[in-house]
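A short write-up of the structure that comes next.
The values are calculated or read from the model by the stated rules, or taken from the named source; none is laboratory data. This structure is a prediction, so every number in the text was calculated from the model and none was measured. Cβ coordinates were reconstructed from backbone atoms using ideal geometry, including for glycine residues, and neighbour counts include every protein chain displayed.
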Amino acid sequence: MTSHEQFAEDLALYALGSLSADEERLALERHLETCSSCRRELEQLRGDMGLLSLSTVGPRPPERARRRLMAAIASEPREAVPQRRPLWWLAPWAVATTLAIVASVLWREDASLRRQMGSLQATFYEQQQELTRAREVVATLVAPESQQVTLVAAKTPPQPHGKAFYRRATGSLIFLASNLPPLPSEKIYELWLIPTSGSPVAAGLFRPDTHGGAAVVNPPLSPGLEAKTFAVTLEPATGSHEAPRGQPVIVGAGE
């Protein structure tokens, strides 16, 4: 290879500004000062490069120059480009987070619904009990077999008065009183069922209101107990329970 041919191949690198070796670049510049042919070729290469910037097609540089250019490019240090994860890698975490939030909300709603259900069940149970008691009261008052007993006192009006509605089959008793005298200190009224045989049976303690009215509803009595009469006595504040100790206030016989 002649010296001129070597300089001709270096012209392409020189035109690109990639002739990095100082000795080669200085030698080429000294050669260009004396070689008009190489100067014309350098100008042509620079013109071709200008056109190359506007087109994908350009002059083919000498093979040796191309190899040296590619080697120079390959030797340039390159910064590592950080790889970005695709967004789809977040999908499982997003799904898991969403499911956790939904599960938490559903759990709270379920707990709230359970509390509401428990409250509704308790309310329904109380209403059922009240309805049952109301039915028992009505049945005792209107049942054909209910025994009605009027209790009176042999005094001038207004006389204490009482009315008992008793169902022997169920042991249900409704007692209503009026015009009862106010209670003395440490005393209470006690209702008694006097059976046809045996000892009197305590049927409940009560205090009258300011108008002398009082009621005893379904005290705990054994079914089947036959009542001969009913009586109200004045007893100590805790009641007598086993047998009357005070004098009868009102007494009535079965009708």
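Here are some notes:
- All positions within the stretch 200-219 that are over 19 Å from His161 (Cα atoms) and free of Cβ contacts under 8 Å to residues at least 24 places away in the same chain: none
- Exactly one residue among Ala103, Ala91, Ala134 is at pLDDT below 75, among the small types (Gly, Ala, Ser), more than 23 Å from Glu29 (Cα to Cα) and part of a helix (DSSP H, G or I), and that residue is Ala91.
- Residue match in the stretch 185-194 (condition: assigned by TED's automatic domain parsing to the domain that holds Gly246 and over 20 Å from Pro236 (Cα atoms)): no
- Taken over the stretch 208-219, residues that are β-branched (Val, Ile, Thr) and surrounded by 18 or more Cβ atoms within 10 Å (Cβ to Cβ) amount to 1.
Okay, residues lined up against (1) in contact with a strand residue (DSSP E or B) (Cβ under 9 Å, 6 or more places away or on another chain); (2) surrounded by 12 or more Cβ atoms within 10 Å (Cβ to Cβ); (3) of a type in the set (A, V, I, L, M):
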residue: Phe206; (1), (2), (3): yes, yes, no
residue: Leu221; (1), (2), (3): yes, yes, yes
residue: Gly224; (1), (2), (3): no, no, no
residue: Phe230; (1), (2), (3): yes, yes, no
residue: Thr233; (1), (2), (3): yes, yes, no
residue: Ser240; (1), (2), (3): yes, yes, no
residue: Gly246; (1), (2), (3): yes, yes, no
residue: Gly252; (1), (2), (3): yes, yes, no
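- Filtered residue count, the stretch 144-186, keeping only those that are modelled with pLDDT under 90, in contact with a Phe, Trp or Tyr (Cβ under 9 Å, 6 or more places away or on another chain) and surrounded by fewer than 15 Cβ atoms within 10 Å (Cβ to Cβ): 1
- Meets criteria (of a type in the set (Phe, Trp, Tyr) and over 54 Å from the mean Cα position of the chain (by Cα)) for Phe230: yes
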